[in-house]
Amino acid sequence: MEKIRQFLYGRYGNDALNTALIILGCVVTFLMSVFRVPYGSLIGLIPYAFALGRGMSRNIVKRRRENEKFVAFIGPWRKYIVNKINQIRDKEHKYYHCPRCHHVLRVPKGMGKIKISCPHCSKEFVKKT
């Protein structure tokens, strides 16, 4: 156990980019097996190899920069998906976009036609809830 700890000391480890690479490897491997692509399992191992190489790297500064770029790229997409999931789960409200400033507005369901006023730009519009 001590030898393993000594070997792993100073290694980068796991981060969001490594997790995404592992998930990508699972998806690619699954798709290659479904569509029976020749040597598909080998193609699916490529993201795993990158994740392992990044995790065992001793160049922590470079790996951290790669992860920061990945998180900056994926951040808006992740926020959009989380907001959509929350809107789908919310059964008591309906969501509309303001026609002027495009902010998302939440109004209660079951009120019939109502006049909605945007708190950001004061635009008023009528929608059915």
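Looking at (1) without any contact (Cβ under 8 Å) to a residue 12 or more places away in the chain; (2) assigned to a helix (DSSP H, G or I); (3) not polar (S, T, N, Q), can you tell me which one HIS102 breaks?
(2)
Looking at region 50-72, is at least one residue charged (D, E, K, R), surrounded by fewer than 11 Cβ atoms within 10 Å (Cβ to Cβ) and either touching a Pro at 6+ places or on another chain (Cβ under 9 Å) or outside any helix (DSSP H, G or I) (or both)?
Among the residues of region 50-72, at least one is charged (D, E, K, R), surrounded by fewer than 11 Cβ atoms within 10 Å (Cβ to Cβ) and either touching a Pro at 6+ places or on another chain (Cβ under 9 Å) or outside any helix (DSSP H, G or I) (or both), which makes the answer yes.
Considering only region 27-34, I want to know if a residue exists there that is open to solvent by less than 50 Å² (accessible area, probe 1.4 Å), within 21 Å of ARG78 (Cα to Cα) and not in a loop (DSSP other than H, G, I, E, B). Spell out how you get there, then give the answer.
Applying the first criterion (open to solvent by less than 50 Å² (accessible area, probe 1.4 Å)) to region 27-34 yields 28-29, 32.
Applying the additional criterion that residues be within 21 Å of ARG78 (Cα to Cα) yields 28.
The next check asks that each one be not in a loop (DSSP other than H, G, I, E, B); those that pass are 28.
Looking through region 27-34, at least one residue is open to solvent by less than 50 Å² (accessible area, probe 1.4 Å), within 21 Å of ARG78 (Cα to Cα) and not in a loop (DSSP other than H, G, I, E, B).
Can you pull out the residues in region 9-24 that are open to solvent by 80 Å² or more (accessible area, probe 1.4 Å) and either assigned to a helix (DSSP H, G or I) or closer than 24 Å to SER41 by Cα (or both)?
Quick first cut of region 9-24, residues open to solvent by 80 Å² or more (accessible area, probe 1.4 Å) only: 9, 14, 23-24.
Selection gives ASN14, ILE23, LEU24.
Would you pick out the residues in region 73-110 that are open to solvent by 100 Å² or more (accessible area, probe 1.4 Å), within 23 Å of the chain's Cα centre (by Cα) and within 14 Å of THR129 (Cα to Cα)?
Across region 73-110, the qualifying residue is only HIS97.
Would you say GLY40 is closer than 26 Å to ASN18 by Cα and either of a type in the set (Gly, Ala, Ser) or touching a residue at least 60 places away in the same chain (Cβ under 8 Å) (or both)? Talk me through it step by step, then tell me what you get.
Details: closer than 26 Å to ASN18 by Cα: yes; either of a type in the set (Gly, Ala, Ser) or touching a residue at least 60 places away in the same chain (Cβ under 8 Å) (or both): yes.
It is true that GLY40 is closer than 26 Å to ASN18 by Cα and either of a type in the set (Gly, Ala, Ser) or touching a residue at least 60 places away in the same chain (Cβ under 8 Å) (or both).
The values are calculated or read from the model by the stated rules, or taken from the named source; none is laboratory data. This structure is a prediction, so every number in the text was calculated from the model and none was measured. A quick note on method: Cβ atoms are made from the backbone with ideal geometry, for glycine too, and the neighbour counts reach across all protein chains shown. Accessible surface is based on the protein model in full, side chains and every heavy atom, while ligands, DNA and RNA are left aside. Shrake-Rupley method; radii C 1.70, N 1.55, O 1.52, S 1.80 Å.
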